[in-house]
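Computed from the coordinates by the stated procedures, all read-outs in this text should not be read as laboratory data. What you see is a predicted model, and the numbers here were worked out from it, not measured in a lab. Counting neighbours? That spans all protein chains shown, and the Cβs are built from the backbone with ideal geometry, glycine included.
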Amino acid sequence: MRAQPSALTRGLTLAAGLTLVLAACSSGGSGGGGSDKNGSAGLTSCSTQGKANTCNSADTRSGGTFTYTLEKNIQQWNTQDTNGNTFENGEALGVVLPSVFVPQPDFSVKLNTDLVTSATQTSASPQTVVYKINPKASWNDGTPVSADDFIYYWRTNNGKDCPPPPASDSTQTKGCLPASTAGYDRIKSITASDGGKTVTMVMSKPYSDWKGLFGAGYPLFPAHVAEKVSGATAGDAAHMTAAQMTAGWQYFQKNPPSKYATAGPYKMQEWADNDHATFVPDPKWWGARKATLQRLIFKVITDATQEPIALKNNEVQGIYPQPEVDLVNQVKDIPDVTYSIGSGLTWEHFDLNLHNPVIGKYTALRQAMFTAISIKDIMAKTVGQFDPNVKQLGNHNFVPGQAGYQDLVTASGQGSGDLTKAKQYLTDAKFTGVGTSLKTPDGKAVGPFNCRYTTGNQIRQSECQILQSDLASLGIKITIKPIGAADLGTVLAGHQYDIIVFAWVASPFPTSNAQGTWTTGSGGNYGGYSNKQVDSLIAQAIGETDAAKAANLLNQADTLMVKDAYVLPLYQKPTFLAVQKRFVNMRDNATNVGPPYNVGEWGLKK
């Protein structure tokens, strides 16, 4: 699962066979992308059922520059690393690095036939998958894409061949730290044939979400580059040492893809730190469709309030901010712009840091805190002002409209703002000073705690302020401490918070993301949550090929997670895409890959 800072760290994997339908747009717009009566922007029908993957489609003509906004700077370039697992990083690298399957706007996944001509499960016992790499597929330095790239990906992400750095290595210089080992830890072997163009993967245990491997928002990196910079033998990722894999891992952390061989419709021409990335069509691209834009620019604008201004002034031609009422209203007044408001696999939540000795020790304290928080009040004062259909989210693994979704939170009272019930939790657990100056049963002060959010995000600032007020009624003091927009990954991985509010942006694979986010010691489990029963249920779900049974197991785990009160889901987060009408084939993709999922098709309308 990928986290969302000022607009996202956005990753979950959907069990095999489940597909999702994007919720319909808000009513009241033009429905076809045309301007309304006063010539202002029009609301598209991109989010309606049946059109999610095709709306705004048209042929393109050569030329033009399209500038798209990133809401955070990219400080670390390895999306597979737990510190680089941010939405903006994934968007930028997805332009130039390939994936086997690509999440679509309707939450299905589509085989990337430019990379592989087929990906087929050929046996169930043992589970075996064969990938046929496109004979034309090559990195733009002429090196063929081969099984070696798959082997390198597997070995650096399985948690074994390149083990995580020891706790004493605070600078993380001695190993790989994948955001998730889900699936890769179940691979028994990967072998090459047909000159490296056929990849045969055999699993040691069944893995339901095998389509989420080798991409789906976490693309392939060129193994031959890692081999060269580490001194390893060329074309022999199977025998790289842990130290050599670490060297490759760190190289991809530190260097933007303008520095090494890539494989996409564009190549990165320039990265100006904290300002922009410039991409140009790659003449070495072998894919079925050539890029038609003359230039593609990803512009860093960390203050969302500046995005409508940049769009109006033609400094950018497309924005994908977290919607706020003033921002939406500003965009509505910009001529010749089309916009959509949708809902997808992105959800807002409060997380508690269980490494904090007081928060981690007392379940009753956490239950009381979550019960005192009024999600209804939060929504009314934030996203409800422009999306009246938003509702409290009742699950940690599924969102409404997704097969498997059940509201397992509401009945617990968490998010209700019920102060009487919240105080009763504390009184029953022998806390003192309830409502005035809260103390633990052994007399230690509870708090003050900090609530952290990314700067430039008014909604999250308001969410921390409402939490501050709600928890004051229990006798808990909250200080509000913003985070630089580019620092979310560092703050999460370093446990530099007591309470934090951000959003997960999911891919269409819930079971894999559950493993990466909730299981003991996993890369995305930043708050230190651990429940052996939850671990067991998720492990069973990961190996369950029946989608309904996998969802049932995840919901059993979810019920336990509600009781443990580690993360409080708030709401399914609205998404907002606005684009100048002269450009086509841009559409909302409310998964972890975002609108650039089809960036090679973007262009000026013919």
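Miscellaneous remarks
- Dipole moment magnitude, nearest 20 debye, the chain about Cα centre, only Lys, Arg, Asp, Glu C-beta charged: 300
- Additional length obtainable on full extension of the chain from residue 120 to residue 407, 0.36 nm per residue less Cα span: 99.8 nm
- Over 21 Å [Cα-Cα, the range 346-573], rounded percent: 54
- Sorted fewest first by neighbouring Cβ atoms within 10 angstrom, 260, 207 come out as 260, 207.
- Value of Rg to Rh for the range 81-168 (Rh from inverse mean 1/r over Cα pairs, i.e. Kirkwood): 1.00
- Exposure proxy order (Cβ contacts within 10 Å, fewest to most) of 588, 303, 428, 387: 428, 303, 387, 588
- Inter-probe distance in nm under a simple model that places probes 7 Å from Cα toward Cβ, at residue 606 and residue 132: 2.9
- If the chain linking residue 477 and residue 59 were pulled fully straight, counting 0.36 nm for each residue of separation and taking away their Cα-Cα distance, it would gain 144.7 nm.
- Overall, the anisotropy analysis places the chain in the oblate class: the square-rooted eigenvalues a ≥ b ≥ c of its C-alpha gyration tensor yield a/c not less than 1.5, with a/b not exceeding b/c.
- Electrostatic bookkeeping for residue 118 treats Lys and Arg as +1 and Asp and Glu as -1; over the other residues with beta carbon under 15 Å from its beta carbon, the sum is +3.
- Here each label is just a point 7 Å from Cα along the line to Cβ, and for residue 243 and residue 536 those points are 4.2 nm apart.
- Fraction of beta bridges assigned by DSSP in the range 346-573 that are antiparallel (%, nearest 5): 65
- On the principal axes of its alpha-carbon atoms, the range 466-555 has extents of 46, 32, 22 Å, going from largest to smallest.
- When 545, 262, 54 are arranged by Cβ crowding within 10 Å, least crowded first, meaning fewest neighbours, the order is 54, 545, 262.
- Prolate/oblate/rounded label for the range 230-314 (Cα gyration tensor, a/c 1.5): oblate
- MRE, 222 nm, helices only [DSSP H, n ≥ 4, -39500 (n - 2.57), over the chain, to nearest 500]: -7000 deg cm²/dmol
- Each label was represented as a point 7 Å from its Cα along the Cα-to-Cβ direction; for residue 469 and residue 167 these points are 4.1 nm apart.
- Average Cα contact separation per residue, the range 346-573, under 8 Å, 6 or more apart, as relative contact order %: 32
- Linear extension gain, residue 310 paired with residue 436, 0.36 nm per residue minus alpha-carbon span: 40.6 nm
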